[in-house]
Amino acid sequence: MQELTLLLKKSFGFDSFRPLQDEVIRRVIDKKDSLALMPTGGGKSICYQLPALYLPGTAIVVSPLIALMKDQVNGLTLNGIPAATLNSMMTEDARRQLRRQCVEGKYKLLYMSPETLMNELEGLLSRMDVSLVAIDEAHCVSRWGHDFRPEYAQLSAVKEHFPGLPVVALTATADKITRLDIIDKLKLDDPQIFISSFDRPNLSLTVRRGLDKKEKLTAIVNFIRRRKGQSGILYCMKRADAEALAARLRAGSIRAAAYHAGLPAAERERAQDDFINDRIEVVCATIAFGMGIDKSNVRWIIHYNMPGSIENYYQEIGRAGRDGLDSDTLLFYSLADLVLLRRFAEESGQNDVNMEKLDRMQRYCETDICRRRILLNYFGEEAEHDCGNCDVCRNPPQRFDGSILVQKALSAILRTDERVGMNMLIDILRASGRAELRQLGYDKLKTYGAGRDLPFNIWKEYLYQMLQLGYAEIDYANARTLKVTPLGRKVLFGEAGAMLTVYREAEQPRPAKKEKTERGVRQPIRIVEAGSPEETLMDSLRQLRLRIAQKEGVPAYIIFSDDALHEMAHKKPLTPEAFATIRGVGDVKLQRYGAVFVALICHVLKA
Ligand code: ADP
Ligand code: ZN
């Protein structure tokens, strides 16, 4: 093991393995098959890259997207590891030359799509000394996964052709049936299944509900302003929203672009490229965005609308904080989203499954227990402790006797003959004076103005709670009007009390307590004071990184991760030896960049 740890530091600059990495690596080196399930950012690549370096010959890596392959090859090359991708974008000449080099054993890793692999199986691959086959995004082989690709289904041919070759299948999303299906479809031989915790403790979780469009926009702008210069993705359900939000952010001097399937390919590519290379901070996207990018320093994700399932939500927030540094996620939830998503689910043809998924998502949004526990439970993991890094944990619910409040609302609902929706009801309670109310005679009701002491948004919050507690319900089929339930009647007539939860403002500051948890890595971003020497140093390091990245034609995070820069700013290494101890500095990066970074640090400290 010692030997592998040394190889890890030398080649990639990391001191220790993440959970399960070493076990998967051992298994591959022992020439046995395995299936590894790790969350996004869990460190799947090392699981085959390290064995590739350790074993003689070339590792074949199957990946669905050219962009992902290129990113990986860039990263490996900068660490001095010979790697290449054989793909359909290359000229026939370039391919021929690459094939020759592969037969000569020039590369430790060769990336290709499943189609290319099938084409090369009998030709190139049989002439190469192949050490192992890694199949990334392995859930694509299964119809049960969320991203079935027919090309992947043919990959069973790998084991048929090379029965003795170790195959490692890797994925971040696979429930039980998908897992078994992957093993079956790939014909894995007595595979060991490794499942690492899906917990991502470095992602903070916050849900806000009941904000209208304007309030959401203000909240978003404030959120982004507090995170100046950090990359983030704003997911929207509708294309028009993605475009409108990008325009609004740009009007507020935030560098943002829209990304959705309706835009011309060139425009989409530019947005993605600008984002990866830190030329813009924000992408306002529909779900089409994110698949093909490995950017490790995405610092935040906002959901402008509620996603349709917990799987989707978790995959999307998973795109933040791959480097293990603290990252924030914020989800806006509204009844309007719910209505729309219900309609999609109903129209989907898989009504039951999709409704059930939507229902779980809704309950996640409305919960007042630790959100991470709900997520982990959903993915079949036991979570015994509250996480301390979600809005519920940061601000535990305090309850109060809300019987009178509930009675006022329920009474108003009944007095309108259950013919009003939430907004109208609140207007009645608050005596808004709206002309429409007067026309309908609602200003004559006994409850008109009975709740004028509470602001609109707080009423909304309490009404949501009443729905959740089962005192009232929404008639979705009937203009979303409110109905009083039998339980509600009990409260109304004083036969039962109603405890409500005190309204709390969202987005609380992060807790001061920061540690590495057992379940996963959690590296806090050090809070650097504006104008402090550390901030100056961090800025200079970032600029140097960007200059080098531009010169070498790769994204900045491939030169050094944000994590590495933070460690440099904190440890301030003044010699090559000290620089070598930074996470992410292997032998080759030390040689290539050690001198310039050390010189910069010396220079800034002297100034
Ligand atoms: P995945 O493919 O599972 O999403 P990656 O392989 O891209 O994850 O790794 C995510 C990030 O974690 C990368 O920035 C990688 O360099 C880093 N990483 C991987 N293994 C380790 C480790 N043992 N120590 C520190 N960082 C690591
Ligand atoms: Zn929590």
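Placing R0 at 41 angstrom, the Cβ-Cβ distance between K483 and E382 gives a FRET efficiency of 0.60 after rounding to 0.05. Could you name the lysines whose alpha carbon sits less than 19 Å from that of K106, not counting residues in the same chain fewer than 8 places away? Leaving aside lysines fewer than 8 places away in the same chain, those within reach of K106 are K70.
Counted over the chain, the DSSP beta bridges are approximately 10% antiparallel.
Surface composition of region 203-394: carbon plus sulfur atoms contribute 46% of the solvent-accessible area (1.4 Å probe, protein chains only, all chains present).
Applying 1/(1 + (r/R0)^6) with r as the Cβ-Cβ distance of A578 and R227 and R0 = 22 angstrom yields a FRET efficiency of 0.15. Spin-label model, I369 to L605: label points 7 Å out along the Cα-to-beta-carbon direction sit 5.1 nm apart.
Full extension of the chain segment joining E3 with E535 gains 187.8 nm, where the gain is 0.36 nm per residue of separation less the Cα-Cα distance. Between S348 and A288, the simple spin-label model (points 7 angstrom out along Cα→Cβ) gives 2.0 nm. The label point for Q154 and the one for T77, both projected 7 Å from the Cα toward the Cβ, are 2.8 nm apart.
Using a 1.4 angstrom probe, figure out how much accessible area region 399-501 has per residue, in square angstrom, rounded to the nearest whole.
Value returned for region 399-501: 49 Å² of accessible area per residue.
So how tilted is helix 2-12 from the main axis of the chain? Cα-based, degrees 0 to 90, rounded to 10. Orientation of helix 2-12: about 80 degrees from the principal axis.
Between amide H atoms placed 1.01 Å from N, distances below 5 Å from N277 occur with no residue 5 or more places distant or on a separate chain.
Quick check: net charge around K187, other residues with Cβ under 13 Å of its Cβ, Lys/Arg +1 and Asp/Glu -1? Mind dumping the intermediate values first?
Values: positive: K159, K185; negative: D33, E160, D181, D184, D189, D190.
In short, -4.
For the chain, a crude dipole built from +1 on the beta carbon of Lys and Arg and -1 on the beta carbon of Asp and Glu, taken about the Cα centre, is about 1540 debye to the nearest 20.
For region 203-394, compute the number of Lys pairs whose alpha carbons are separated by less than 22 Å, excluding pairs fewer than 8 positions apart on the same chain.
7
Of the residues F400, L65, P39, the one whose Cα sits farthest toward the positive end of the charge dipole of the chain, with +1 on the Cβ of Lys and Arg and -1 on the Cβ of Asp and Glu, is F400.
Rounded to the nearest percent, how much of the accessible area of region 1-112 (1.4 Å probe, protein heavy atoms only) is carbon and sulfur? Reported share for carbon and sulfur atoms: 53 percent.
Extension gain L65-K187, at 0.36 nm per residue separation less the Cα-Cα distance, in nm?
41.6 nm
Normalised per residue, the accessible area of region 533-606 is 47 Å², obtained with a 1.4 Å probe and no contribution from ligands, DNA or RNA. Taking the longest Cα principal axis of the chain as reference, the axis of helix 587-606 is set at about 60 degrees.
Contact order for the chain, expressed relative to its length and based on alpha carbon pairs under 8 Å spaced 6+ residues apart, stands at 15 percent.
Taking amide H positions as modeled 1.01 Å from N, with prolines and chain starts lacking one, the residues under 5 Å from R209 and 5 or more places away or on another chain are Y333. Cross-link reach is defined here as a Cα-Cα straight distance under 16 Å, omitting same-chain residues fewer than 8 places apart; for K10 the lysines meeting it are K108, K589. Restricting the GluC sites (Glu not before Pro) of region 1-110 to loop positions (DSSP other than H, G, I, E, B) with no more than 10 neighbouring Cβ atoms within 10 Å leaves E104. Probing with 1.4 Å while keeping every protein chain in the model, the per residue accessible area of region 86-206 equals 44 Å². Counting only residues at least eight positions apart within a chain, or on another chain, the lysines with an alpha carbon under 22 Å from that of K187 are K31, K32, K44, K159, K176.
How much FRET efficiency would the formula 1/(1 + (r/R0)^6) give for V596 and D273, where r is the Cβ-Cβ distance and R0 is 45 Å, rounded to 0.05?
Details: r = 25 Å, r/R0 = 0.57.
Plugging the Cβ-Cβ distance into 1/(1 + (r/R0)^6) gives 0.95.
Placing unit charges on the Cβ atoms only, positive for Lys and Arg and negative for Asp and Glu, gives region 203-394 a dipole magnitude near 840 debye about its Cα centre.
The values are calculated or read from the model by the stated rules, or taken from the named source; none is laboratory data. Quick caveat, the model's predicted, so the values are computed rather than measured. Here Cβ is always computed from backbone atoms with ideal geometry, including for glycine, and neighbour counts include all displayed protein chains. Protein only, heavy atoms only, side chains kept; ligands, DNA and RNA dropped before computing areas. Shrake-Rupley method; radii C 1.70, N 1.55, O 1.52, S 1.80 Å.
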